[in-house]
Amino acid sequence: MERPIRLAIFASGNGTNAQQISEHFAGRKDVEVACIVYNRKDAYVATRAQNLGIESRYFNRSDFMESERVLEYLREKQADYIILAGFLLLVPENLLKAYPNRIVNIHPALLPNYGGKGMYGHHVHEAVVANHEPLSGITIHVVDQHYDRGTTLFQAKCRLSPEDTADSLAAKIHILEKTYFPKVIESFVLNKPMPEAKILD
């Protein structure tokens, strides 16, 4: 029997998306989470990984940017794809070369708007609300050497009301992430049709 497709999840913080992805593929024979990699020592994602029974490994900035340590670890874990789930470092060149079109990121806005360096998490939601946008959402895309610029795989949208704040928008985005990110990863790595997206009110 063929071995499952193995995912390495990269995270920098709380790890809610990492947990949802891991739970989505738990017990599956076609796709599995091989490891969780994180770049902040105090990141809560390490605790989530432990609770899920998934191996996790901490690497600092120089491990990513100035060495082959991360790539060696991914090869050791036989990872086929890298999934960025709230990972805030720019992916280094050696990983882009080793995983061409096999690194996927989620961004909490409708790219190409509200992307780029410094546009992550609450910074994005604050900018969207400040500009009185009627819609926001999530963009799931392939990663290239620029922040938030690779090929878009999927978008899902939510409506904003005049009463929405950065916090209430964050809650809507979180629902979209939970609903679609694991399914889009599954569709992408198994070469299946993407899920249909409904606009969230």
(message) Scan segment 96-117 and tell me whether some residue there is closer than 18 Å to residue 156 by Cβ and among the hydroxyl-bearing types (Ser, Thr, Tyr).
(response) yes
(request) Go through segment 44-63 residue by residue and tally those that are buried (at least 17 other Cβ atoms within 10 Å of the Cβ) and either at pLDDT below 95 or under 13 Å from residue 14 (Cα atoms) (or both). (result) 4
(request) Would you be able to tell me the number of residues in segment 116-143 that are within 14 Å of the chain's Cα centre (by Cα), of a type outside the set (Ser, Thr, Tyr) and over 14 Å from residue 169 (Cβ atoms)? (result) 4
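Let's see how each residue does on (1) in contact with a Gly (Cβ under 6 Å, 6 or more places away or on another chain); (2) over 14 Å from residue 7 (Cα atoms):
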site	(1), (2)
50	no, yes
55	no, no
76	no, no
79	no, no
85	no, no
90	no, yes
94	no, yes
102	no, no
110	yes, yes
(request) Scan the helices (runs of 4 or more DSSP H) fully inside segment 12-122 and keep the ones with 2 or more residues being touching a Lys or Arg at 6+ places or on another chain (Cβ under 7 Å) and not assigned by TED's automatic domain parsing to the domain that holds residue 138. (result) 16-25
(request) Taking the residues in segment 162-184 that are touching a Leu at 6+ places or on another chain (Cβ under 7 Å) and of a type outside the set (Lys, Arg) as candidates, determine which candidate is nearest to residue 79 (Cα to Cα). (result) 184
(message) Can you tell me which of (1) surrounded by 13 or more Cβ atoms within 10 Å (Cβ to Cβ); (2) closer than 23 Å to residue 13 by Cα; (3) modelled with pLDDT of 95 or more is the one residue 121 doesn't meet?
(response) (3)
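The values are calculated or read from the model by the stated rules, or taken from the named source; none is laboratory data. Nothing here was measured: the structure is a model prediction, and the numbers come from that model. Neighbour counts run over all protein chains shown; Cβ positions are idealised from the backbone, glycine included.
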